[in-house]
Amino acid sequence: MSVTVVPHSSQPSPALRFMRVAQHVVFLVLLVVGVVQVLRGDGPKPWLLAGSALVLAWYAGGVVAARYRSRRWVGPTWLLVLTALWAVLVVASPAFAWVVFALFFLYMHLLPVRAAMVGVVLLTVGVVLALLAHGGGNPVGQIIGPSIGAAVAVGMASVYRSLAAESEQRRRLIDELVAAQEDLVAVHDELARVQREAGVLHERERLAREIHDTLAQGFSSVVLLARAARKGAPQGESLDEIERVAAENLAEARRLVRALAPPDLDNTPLSNALDRLTARSAEQNGGTARYLTEGTPFPLPTTHEVALLRVAQSALANVRQHANAGTVVVTLSYLPDAVSLDVVDDGDGFDPSGIETTAHSGFGLRAMRTRLAELGGALVVESAPHEGTAVAATIPVGGWS
């Protein structure tokens with residue numbers, strides 16, 4: 001799983017940058033036009049040129065300061081001083097009146113909407129009065145010109161505010177997306193860790209079942225045979241049987257190391273493996289053991305065969321160790337949509353309600369149930385004291401049949 005982190009940028013959009021640059025250019029051009037008109041008038045006026053330079057320097061200082069974070073009152077204060085310096089120039093010469101268009105944009109940009117609108121109205125009234133006071137022009141134009149300029153400035157400022165709000169919303173969305181992706185990476189890492197731990201735990205449980213169903217049962221047989229030899233059974237036969245069981249256990253141990261399929265199933269059908277297992281059980285128990293097959297055999301997945309063989313091994317081991325049974329019948333049934341294995345004995349039986357608390361068979365039955373449940377199957381145990389036991393394992397086969 002890969003996660004792509006969206007790059008984050010705090011820079012304004014190209015449209016906002018263009019409007020800001022255009023605002024500075026407009027202010028500079030209008031101020032220069034005013035200076036040129038003053039120079040073309042009735043002789044140079046040095047103090048007006050000095051005032052223009054002061055206005056330009058103050059404006060440039062504000063532009064530079066705006067690049068750095070400052071307190072909220074700095075911008076409005078800078079704008080108020082700039083307006084006062086401009087007002088002095090306008091009172092001295094009408095040539096600087098049209099700088100008011102740039103001031104309109106500054107008011108709409110730096111002040112809240114209501115305060116900006118009030119400021120624009122006051123600037124419009126002030127510049128109109130200044131132009132009328134100087135005279136020498138068309139009064140209608142001197143009134144309409146600044147008014148139209150104010151309206152245009154308000155409209156363009158509205159567009160600018162909209163673009164700024166959209167840019168800020170986009171920035172917040174990017175921040176949220178980056179944070180969400182970082183959380184997703186953390187969740188993905190945690191999920192991978194949990195899956196690894198679950199895999200380790202599952203493998204431990206699987207190995208525990210394998211060891212219980214193979215090595216533990218084989219060692220139990222060795223112990224029983226050794227006890228029988230000690231009680232007077234022919235030692236030659238007992239030693240041969242012990243050697244055979246030990247050899248089988250050694251093969252199982254090697255298989256566990258190599259994680260291969262059970263030796264009983266190596267190139268052998270499940271039915272033959274169960275038949276051999278049942279025959280060995282009869283040899284070890286001294287009673288009667290029969291193996292039956294019902295239905296038409298069909299191929300099964302290796303996992304199903306291994307599970308059924310392990311269930312048979314565990315069930316027959318329980319019969320050998322606890323049941324004192326005279327007869328055991330193992331039946332493998334091929335059904336239309338399932339395969340079942342039944343192990344029935346006529347031994348002592350037990351109370352199934354207390355099976356989970358018994359030390360000798362609780363783990364074996366739990367292991368069988370877990371193994372079958374992983375394949376969608378189930379285990380049913382029916383028994384009663386002195387009435388024998390029936391263990392039935394069923395696994396659905398779906399399309400395998």
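Read the figures in this text as sums done on the coordinates, not as results from a lab. Bear in mind the structure is a predicted one, so any value in this text is a computation, not a measurement. Neighbour counts run over all protein chains shown; Cβ positions are idealised from the backbone, glycine included.
Only Lys, Arg, Asp and Glu count, each charged at its Cβ (+1, +1, -1, -1), so figure out the dipole size of the range 14-181 about its Cα centre, rounded to 20 debye.
In debye, rounded to 20, the range 14-181 gives about 360.
How far, in nm, would the chain grow between A279 and W58 when pulled straight, counting 0.36 nm per residue and subtracting the alpha carbon separation?
Using 0.36 nm per residue and subtracting the Cα-Cα distance, I get 68.8 nm.
Send over the Kirkwood Rh of the range 120-166, from the inverse of the averaged 1/r over different Cα pairs, rounded to one decimal Å.
11.7 Å
Of the options S314, T293, P336, report the single residue whose Cα projects farthest towards the positive end of the charge dipole of the range 268-401 (beta-carbon charges: Lys, Arg +1; Asp, Glu -1).
The Cα lying farthest towards the positive end belongs to S314.
Given the Cα-Cα distance of V125 and V21 and 0.36 nm per residue of separation, how much length would full extension add, in nm?
34.7 nm
Using a basic spin-label model with each label point 7 Å from the Cα along Cα→Cβ, how many nm lie between V118 and V159?
2.9 nm
Can you give me the distance in nm between label points at A133 and A373, each placed 7 Å from the Cα along the Cα-to-Cβ direction?
9.4 nm
Using each residue's phi in the range 23-34, evaluate 6.51 cos²θ - 1.76 cosθ + 1.60 at θ = phi - 60° and report the 3J(HN,Hα) Karplus result to the nearest Hz, with x for Gly and Pro.
For the range 23-34, the Karplus curve yields 4, 5, 5, 4, 4, 5, 5, 5, 5, 5, 4, x Hz.
How big is the dipole moment of the range 268-401 about its Cα centre under a simple scheme where the beta carbon of each Lys and Arg is +1, that of each Asp and Glu is -1, and everything else is neutral? Debye, nearest 20, please.
So the magnitude is around 420 debye.
What is the fewest-to-most order of Y160, Y107 by other Cβ atoms lying within 10 Å of their Cβ?
Least to most surrounded, the residues fall as Y160, Y107.
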